[in-house]
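These notes are about the structure you will find just below.
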Amino acid sequence: MIGMYQTGLIAAFICIIIAFISLYQETDDLHRLILTDLAEIMALLLIALVATDLAEALILPGLVVMIAELMALAEIYLVKEGIQRKKISCPLDIEVIQTAPPILAGILVLYGIILSGFSGGAVAGLGIIFYCVCKGSDEQFALIETASGYAWVAWIAAFFIFLILPEQWFFAVMIAGGAILVKVMAKFSLIGTMSGDPNV
Amino acid sequence: MESLIAASICLIIAVYCAIRAVLERETLLKLPFVNVMNFGIAGLIVLILPHPLTLVAAAAYFVGSTLEANAIASAYARREQP
Amino acid sequence: MIESLITIGLTLLIFLGAAATALWKNPFDKLIGLSILSGGVIPFIVMRGYLDVAIIVALVIPVSTIFILLLLGRRTS
Amino acid sequence: MTPEFILGLGLILLGTMSVAWPSPKDYLTRLINLEIPAFGLLLVMLSFDEMLALLTFIAVTTVSTFIFVRVIGKREAIN
Amino acid sequence: MLEEYGQILIATAIAWILFVTIDVFWRLPEKGGVSGADAIGSAIAKHGGDQHGGWMIGNIVSSPDASAGTLLAACGFFVAGIPGGIAAAALVYAGNRICHDSGYAGTSGALIATFVIAGCMQIGFGASDFIVGTVIAILTIQGISHPHASRILGRLWRWRA
């Protein structure tokens, strides 16, 4: 009788072998970048097969590393090809793109604030990206950076509360969760504003 | 039990329309079949778990997939004609 | 008995959508295949009882589709 | 051995093959096919009840889709 | 058991008459609301259907209208009674605002369907019958054969206009 873990492990190894064969055969750099994302999914599958709370605690840093690595590699690719200052225009003028973003982004941001922490920051940041992409990018880097800085201060203050007044732990957890939310949301919304303009 | 019979009727209609959508040749004529599939799935969601929050889930699924179909149809209509 | 019938039907829906997405050539057709696939996945989330997760997943999938359509509209016009 | 687990593994296998050898070999086909193994991983996470990871994974996958869309758009603007 | 299927058939007929009447009353077959609906109508007309019926099918696809209102009102009634129906009307209005539509047809359809279902509950129907009935009714309009359905809808539109 083959168990659940062994079955998943066999399937994961087959997928990893296929992914690396095609990564080996590929010569174009952008194709390789997309296949890197496939390899990331395989790595997350291996972690998810552990199937306890440990897996959940390990997947979240994996996702952080995945998105950071992907953004860095994309920027390196753009610089290497010399197309970083290329202006892409967005002539997709369907009617939905005018009406959907405020309501949908509002629901996503509200849900993210209720959820808080890194997951809430990701969901709320996705809402802000959607709004900025569909409405055109307004340059408000100073405001976003200021909010991010205050979030950092709040996070540090929460840890001081943990160390000095341990009986106020619930208050400190709330402050830390809100600060992480604001930081992740600010970082993600920077992605949304950098879609079109040439000087990022 | 009674609601499970109703749920299976919804699911059979959804699968039938998905098969019709896969067999259809033209892109714009696939979309009405997909829309019937969305109706069936939204009914199925409510019938398999009766709870007040399920109504919100069914409405969110239905509105989301309608938005998707609207965007696909509009972008297909605005594309460059060959 | 009927619960297993529902599982079989959803399995059929998911693999129909996945095969259609993988085999069709036109990008618009592939997006329709993804729509069928997501229609099969969301009832599984509801059957486990996680309704809030189902709401967010159902709202995030169209956002992903609109991002891809941004590229399609730019390419063909 | 829940049905979600078997379905998820099947989707991951099928999606990996369709990303590794796409039929018209361009960027857009690979990008759309990449959603299939993402749905498979979602089902596997669902079968182990890892809900917080599932939410974050969905959001991060959509953000990475947007990053790819931006890079591909800039790449195809020069041709 | 046979009585059950009879109830589903009667619920199908009621739902069909209800949402087709409301859609034709709010002038949905007059023109395509968004460009996608317009394109779907033209494609159906090219394959041997009627132009106005094609536009109505396109409008049903690309925005939640009275049929979606009927379905969600039945769902809301199934889970929470009359307040569920009112909540479903609010959700349909939000969906209409998302999909670039004015939102008269969906909201009024949901409200009227709530009271019709509440009336039919008194004479022995269940709310689940109406959910299945709406799905079957929408299947007959846009799931069986597009040219025939669009011809029927076009005849109804000419009779109203």
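Pairs exceeding a 31 Å alpha-carbon distance, out of A:LYS80/D:LYS25; A:LYS183/B:LYS30; D:LYS25/E:LYS46: A:LYS183/B:LYS30; D:LYS25/E:LYS46. The largest accessible area among E:HIS146, E:HIS47 belongs to the first residue in E:HIS47, E:HIS146, and the rest follow in falling order (1.4 Å probe, all chains).
Okay, which of segment E:18-32 sit inside 14 Å, backbone N to the point 7 Å along the Cα-Cβ direction of E:ALA161? Once the point is set 7 Å along Cα→Cβ of E:ALA161, E:24-32 turn out to lie under 14 Å by backbone N, inside segment E:18-32. Measuring between their Cα centroids, segment D:30-47 and segment E:85-102 lie 31 Å from each other. Given a 1.4 Å probe and the protein chains as shown, D:GLU76 ends up with an accessible area of around 40 Å².
Could you work out what % of the accessible surface of segment B:2-77 is carbon and sulfur, using a 1.4 angstrom probe and leaving DNA, RNA and ligands out of the count? For segment B:2-77, the apolar C and S fraction of the accessible surface comes to 67 percent.
Remark: segment D:3-77 carries 20 Å² of accessible area per residue (probe radius 1.4 Å; ligands, DNA and RNA excluded).
Between A:ILE113 and A:LEU9, the contour length at 0.36 nm per residue exceeds the alpha carbon distance by 33.8 nm. Shown here is the pair-distance distribution of segment D:3-77: with all Cα-Cα distances grouped in 5 Å bins from zero up to the longest one, the shares run 3, 16, 21, 21, 19, 11, 6, 2, 0 percent.
Residue separation of A:ALA39 and A:ILE83 scaled by 0.36 nm, minus their Cα-Cα distance, works out to 13.2 nm of gained length. Result for chain A in a Gaussian network model with C-alpha springs under 10 Å: among A:GLY178, A:GLY62, A:GLY117, the largest mean-square fluctuation is at A:GLY62. The residues of segment E:81-161 expose, per residue, 42 Å² of accessible area to a 1.4 Å probe.
Using only alpha-carbon positions in segment C:2-76, the gyration tensor eigenvalues give semi-axes of 26, 17, 5 Å once each is multiplied by 5 and square-rooted (largest first).
Counting protein heavy atoms only and a 1.4 angstrom probe, how many square angstrom of accessible surface do chains D and A bury in total, to the nearest 100? Could you put the intermediate results ahead of the total?
Numbers: alone 5950 and 13710 Å², together 14670 Å².
Counting both chains, the buried surface is close to 5000 Å².
The solvent-accessible area of A:VAL64, taken with every protein chain present and a 1.4 Å probe, is close to 60 Å². Accessible surface for E:SER102 stands near 60 Å², nearest 10, in the context of the full protein assembly shown (1.4 Å probe). Between segment E:2-20 and segment B:9-30, the alpha-carbon centres lie 23 Å apart.
The values are calculated or read from the model by the stated rules, or taken from the named source; none is laboratory data. Predicted model, so just to flag it, every value in this text is computed and none were measured. Glycine gets a Cβ as well: all are built from the backbone with ideal geometry, and neighbour counts include every protein chain shown. The accessibility values were calculated without ligands, DNA or RNA, using every heavy atom of the protein model including side chains. Shrake-Rupley method; radii C 1.70, N 1.55, O 1.52, S 1.80 Å.
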